[in-house]
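Peer 1: Please read through the structure below; I'll follow up with questions.
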Amino acid sequence: MGWSAESRHLPPGRAPGPQSRRRTRGRRIASWIFGALGLFFVAAALAVFGGVTGESAFVVALGLGLLALAAGARRASWAREARHLRLSVDPVEPRRGERVAVRLDVTADPGAGADVDVGLVCSEMYDYVEVVHTSSGRSRTRSTKVVDAHAEWVPAQPVAGSQQFAFVVPRDAPYSYEGDCVSWAWRVSARQRVEMGRDPVRDVPVWVLP
Amino acid sequence: MSPRLILELDRHEVAPGDEVTGTVVVAHGGRSRRLEVFLLLRERTAEFEHDALRIGSGPLAEGALEEGRSHRFSIRLPPDAPPQVATPNAEVYWEVDARSDQLGPDAHARQRIAVS
């Protein structure tokens, strides 16, 4: 979905709700478990074999893989940050039906033929029961699905410099809300589409009032 | 027999800061600890529900509920009350819930209101 960080999906002064805190807690727990297992495997392989040898290489690689998973679990998403794209948004707390002015500053030439978009996006996070089938049976866990409740993208000029955009928050769209089983989070986003790999993005959270 | 309640609202569309008023009619009397009306801000997905906000009227009656008796109530909607929202996956809405607290399952009478 393009989020660049955890509860930084909220603008300053807005606190995460129960659902956001629960999601962050889950990621932290996963990160600790992967990290601990990864360190154990690496340390055990080095202790037993005295270094990276033919026998220990697989175990060390497994441990490093778990450490990478631990690092990834700490992030809210796998989005890359677009350092060459900067956004200014006004107002950062619009009402539904209100116009939002956006300025995009491209600080480095994205390259010929690059695709750069600017968008106004609302992510909906809603809880559901996930059924997982394992060798020992079925387990049901509470999970959160993230979908776009609203997404309006417009192309930007792929050149260095400043550009102006304007969006109108739809009157019948969800307002910003941090709940227990549903949340709606808005952002202005700039992204550069890449053919292979993750699109680098720059997000500015906004709080849409009813 | 468990009490049965009927909830009658004076208005189904209100604005933030308005008084939500109505009457709870005891259609069928019975044992009860307490009768109270609540104004609820509710969240709902296909598999989960949650009361994000709950404002009570205070007890309207205590003890056994008399059949045919009417109880008036008034609850102020918060001035920053958000309006209802619905998407294909979830919704947030306001509901008035008249509840008889009793031994066993409580009796309820519920109606949604629209907040502008």
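Peer 1: Which strands (runs of 3 or more DSSP E) sit wholly inside region A:76-134 and have at least 2 residues that are over 24 Å from A:Ala166 (Cα atoms)? Explain how you work it out, then say what you get.
Peer 2: Values: elements: A:85-90, A:99-106, A:115-134.
Fully inside region A:76-134 and qualifying: A:115-134.
Peer 1: Shifting gears a bit: Given the conditions (1) surrounded by 16 or more Cβ atoms within 10 Å (Cβ to Cβ); (2) at pLDDT 75 or above, which single one is not true for A:Gly2?
Peer 2: A:Gly2 satisfies every listed condition except (2).
Peer 1: From the residues in region A:5-29 that are at pLDDT 70 or above and aliphatic (A, V, I, L, M), which one is nearest to A:Arg187 (Cα to Cα)? Show your work before the answer.
Peer 2: At the first step, the residues of region A:5-29 found to be at pLDDT 70 or above are A:8-25, A:29.
Next, only the ones that are aliphatic (A, V, I, L, M) stay: A:10, A:15, A:29.
Values: A:Leu10: 9, A:Ala15: 16, A:Ile29: 27 Å.
Once the filter is applied, the top-ranked residue is A:Leu10.
Peer 1: Select, from B:Ala81, B:Ala107, B:Ala90, the only residue that is in contact with a strand residue (DSSP E or B) (Cβ under 9 Å, 6 or more places away or on another chain), aliphatic (A, V, I, L, M) and more than 14 Å from every other protein chain (Cβ to nearest Cβ).
Peer 2: On the way: B:Ala81 fails: more than 14 Å from every other protein chain (Cβ to nearest Cβ); B:Ala90 fails: more than 14 Å from every other protein chain (Cβ to nearest Cβ).
Every option except B:Ala107 fails the conditions.
Peer 1: Could you check region B:45-60 and list, in sequence order, the residues that are surrounded by fewer than 17 Cβ atoms within 10 Å (Cβ to Cβ) and within 14 Å of chain A (Cβ to nearest Cβ)?
Peer 2: B:Ala46, B:Glu47, B:Glu49, B:Asp51, B:Leu53, B:Arg54
Peer 1: Strands (runs of 3 or more DSSP E) wholly in region B:4-116 with at least 2 residues that are closer than 30 Å to A:Lys145 by Cα and within 15 Å of the chain's Cα centre (by Cα) - which ones? Even if it seems obvious, please write down each step before you answer.
Peer 2: Working: elements: B:4-9, B:19-28, B:34-45, B:49-62, B:70-76, B:90-101, B:107-115.
Those strands (runs of 3 or more DSSP E) span B:34-45, B:49-62, B:90-101, B:107-115.
Peer 1: Now a separate question. Within region B:10-32, how many residues turn out to be over 16 Å from B:Tyr93 (Cβ atoms) and touching a Pro at 6+ places or on another chain (Cβ under 9 Å)?
Peer 2: 8
Peer 1: Another question about this same structure. Counting only residues that are under 21 Å from the mean Cα position of the chain (by Cα) and among the polar types (S, T, N, Q), which one in region A:158-210 is surrounded by the fewest Cβ atoms within 10 Å (Cβ to Cβ)? Even if it seems obvious, please write down each step before you answer.
Peer 2: Step one: list which residues in region A:158-210 are under 21 Å from the mean Cα position of the chain (by Cα), which gives A:174-208.
Right, trim to among the polar types (S, T, N, Q) and you get A:176, A:183, A:189, A:192.
Details: A:Ser176: 23, A:Ser183: 27, A:Ser189: 26, A:Gln192: 21.
If we take residues in region A:158-210 being under 21 Å from the mean Cα position of the chain (by Cα) and among the polar types (S, T, N, Q), then A:Gln192 is surrounded by the fewest Cβ atoms within 10 Å (Cβ to Cβ).
Peer 1: Check off (1) surrounded by 15 or more Cβ atoms within 10 Å (Cβ to Cβ); (2) modelled with pLDDT of 75 or more; (3) part of a helix (DSSP H, G or I) for A:Ala70 and give me the number that stays unchecked.
Peer 2: Here A:Ala70 clears every test but (2).
Peer 1: Looking at the structure I just gave you, is B:Ser74 away from chain A (no Cβ under 14 Å), touching a residue at least 12 places away in the same chain (Cβ under 8 Å) and surrounded by 18 or more Cβ atoms within 10 Å (Cβ to Cβ)? Lay out the reasoning, then the answer.
Peer 2: On the way: away from chain A (no Cβ under 14 Å): yes; touching a residue at least 12 places away in the same chain (Cβ under 8 Å): yes; surrounded by 18 or more Cβ atoms within 10 Å (Cβ to Cβ): no.
It is false that B:Ser74 is away from chain A (no Cβ under 14 Å), touching a residue at least 12 places away in the same chain (Cβ under 8 Å) and surrounded by 18 or more Cβ atoms within 10 Å (Cβ to Cβ).
Peer 1: Those residues that are in a strand (DSSP E or B) and either within 14 Å of chain B (Cβ to nearest Cβ) or without any contact (Cβ under 8 Å) to a residue 24 or more places away in the chain (or both), I need them from region A:161-210; list them, please.
Peer 2: First pass over region A:161-210, keeping only residues in a strand (DSSP E or B): A:161-168, A:177-178, A:182-193, A:200-206, A:209.
If the condition is that a residue be in a strand (DSSP E or B) and either within 14 Å of chain B (Cβ to nearest Cβ) or without any contact (Cβ under 8 Å) to a residue 24 or more places away in the chain (or both), then A:Tyr177, A:Glu178, A:Val182, A:Ser183, A:Trp184, A:Ala185, A:Trp186, A:Leu209 are the ones that fit.
Peer 1: Go through the residues of region A:141-149 one by one and say whether even a single one is more than 10 Å from chain B (Cβ to nearest Cβ) and over 24 Å from A:Ala15 (Cα atoms).
Peer 2: There is at least one residue in region A:141-149 that is more than 10 Å from chain B (Cβ to nearest Cβ) and over 24 Å from A:Ala15 (Cα atoms).
The values are calculated or read from the model by the stated rules, or taken from the named source; none is laboratory data. Keep in mind that what you see is a predicted model, and the values were worked out from it rather than measured. Backbone-built Cβ (ideal geometry, glycine too); neighbour counts: all protein chains shown.
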